[in-house]
1. Collect the residues in region 1-25 that are more than 11 Å from the chain's Cα centre (by Cα) and within 18 Å of L79 (Cα to Cα), keeping them in residue-number order.
2. Mind checking which residues of region 138-180 are within 16 Å of the chain's Cα centre (by Cα), more than 10 Å from the ligand (Cβ to nearest atom) and of a type outside the set (S, T, Y)?
3. Looking only at region 153-191, count how many residues are surrounded by fewer than 16 Cβ atoms within 10 Å (Cβ to Cβ) and among the charged types (D, E, K, R).
4. For region 56-78: of the residues being open to solvent by less than 40 Å² (accessible area, probe 1.4 Å), more than 16 Å from the ligand (Cβ to nearest atom) and aliphatic (A, V, I, L, M), which is nearest to N120 (Cα to Cα)?
5. Which pairs do you get when a residue that is assigned to a helix (DSSP H, G or I), found in region 43-64, comes within reach of a residue that is at pLDDT 95 or above, reach meaning Cβ atoms under 6 angstrom, with the pair 6+ apart or on two chains?
6. Need a quick list: helices (runs of 4 or more DSSP H) entirely within region 233-327 having at least 3 residues that are more than 22 Å from H183 (Cα to Cα).
7. Of the numbered conditions (1) within 15 Å of the ligand (Cβ to nearest atom); (2) under 18 Å from P284 (Cβ atoms), R135 fails exactly one; give the number of that condition.
8. Looking at region 5-40 only, could you name the residues that are in a loop (DSSP other than H, G, I, E, B) and within 14 Å of E181 (Cβ to Cβ)?
Amino acid sequence: MKILVTGGAGYIGSITSAELIRAGHEVIVVDNLYQGHRAAVPPEAAFVEADLTDRNALREIFAAYPGIDGIMHFASYTLVGESMEKPFLYLRDNVANAANLLEAAIAAGVRRFILSSTANLFDQPERIPIDEHERIVPGSPYGESKFIIERMLHWMARIYGMRYACLRYFNACGDTPDRGEDHDPETHLIPIVLQVALGQRPHVTIFGDDYPTRDGTCVRDYIHVLDLASAHILAMEALDRLGERRYNLGNGQGFTVREVIETARKVTGHPIPAVVGPRRPGDPAVLVASSETIRAELGWQPRYPDLESIIASAWEWHRTHPNGYDD
Ligand code: UFG
C-alpha cells in the first residue's frame, strides 16, 4: 500500500515508517520537524517538510502523490503536562490540524485512516485492565483533543465512508538499533532513567510514592514501539473489513516506577540514584490496558511483553546515541 505518515520523523512515526517499508509498503512522510528529526526518516521514504496548519501545502501533497491508500496520523502535540499549561496548542492546533488533514484526504479520495490516540482518555478508570467499554474521561486537554478527533473520524465515516482505527497507546517505549526516543525536553520515565545511567543527570525523581499501589509509585503499561508499529500495520491492512474501530494498546501488565528503575539498574549495571519528590499533577495511580479486542480481531501479539527486553532495547539505542540524533 502507499501510506502517508504524518509525524514520520518523530519517535513512533519514524519507527512505524521503517516497519512499513520492511513490510513492502511505500511511505510518504510529512513532518514539520518541530519535534521530529530528519535523520529519523527512513531513506527509502519520500519526505515532505510541511505543517498541517497549511491547507494549501496539504492539497499539493495529495496532488503530488496520487493514489495514497491510507494515512497514519502521528503528528501531534503529545504532552499531558504541557497541555495543562498551553491548552490551545491541543484544543485548537491538534484538532484543527486533524481537520485540515482529513479535509484534504477526503478531497483526494483517501478513505483509510489510523489515528494515534491515547490512554489519557481514561482518567478515572472503573476497571483495570481498561478495555474499550471503559467510560471516556479525558485527563487533560491533550486527551480531550484526541477524543474530539476520534469523534471527528466517526462523522467522516458516516458522511464519507472513511474507514478508520483509533489506537489508544498506553506507555510507548523501547527503541530499535537505528531509531529511538529523542525529545527535547525529555519528560518520559524510561529515557530519563537511562540518561541517569549515562551520567547526563544526577538522579531520577520519583513523582510520588504515596499512591495506593504495591510500592506506592504509579503503575503503567509499557508497550514497545515495535509492537505499536505492528498494530498500525495490521490495522491498516484490515481496515476494509473492519470499518470503524477503537483499540486499547498495551501489554496488559503494569509496572511501578520503582520496578522500572530497578529493571534499568539490572540492564545497565548502573546504580541509578532515585529521589522521591511530590506527585506530578494529573497522574492517575494505575493505567493498564486490556488489548483483548485487537488480539482477537487482528491476531496482534506483543513481541516484547517483558520490561527487561524493552529497557534493554532502549539502553542499546541511548548508549550508542548518547546525544540522540545529530540534527
Ligand atoms: N515519572 C517519574 N519521574 C519522571 C518521569 C515520570 O516518576 O521523571 C513517572 C510518572 O509520574 C508516571 C510514570 O513515571 O507515573 C510514567 O510517566 P511518563 O511521563 O513516562 O508517561 P505518562 O504515563 O505520563 O504518559 C504517557 C504518554 C502520554 C499519554 C499517557 C497516557 O507519554 O502521551 O501516557 O496516560 F497520554
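1. Passing the criteria: T6, G8, A9.
2. If the condition is that a residue be within 16 Å of the chain's Cα centre (by Cα), more than 10 Å from the ligand (Cβ to nearest atom) and of a type outside the set (S, T, Y), then E144, F147, I149, E150, A165, C166, L167, G174, D175, R179, G180 are the ones that fit.
3. Looking only at that region, the number is 3.
4. M72
5. Pairs found: R55/N100; A57/A50; L58/N100; L58/A104; R59/A104; I61/V48; F62/A104; F62/A108.
6. 257-268, 292-298
7. Failing condition for R135: (1).
8. Listed by number, the residues that qualify are G7, A9, G10, Q35, G36, H37.
The values are calculated or read from the model by the stated rules, or taken from the named source; none is laboratory data. Small disclaimer: the values here were computed from a predicted structure and weren't measured. Glycine also receives a Cβ, built like all others from the backbone with ideal geometry; neighbour counts cover every protein chain displayed. Just the protein is used for accessible areas: all its heavy atoms, side chains included, with ligands, DNA and RNA removed. Shrake-Rupley method; radii C 1.70, N 1.55, O 1.52, S 1.80 Å.
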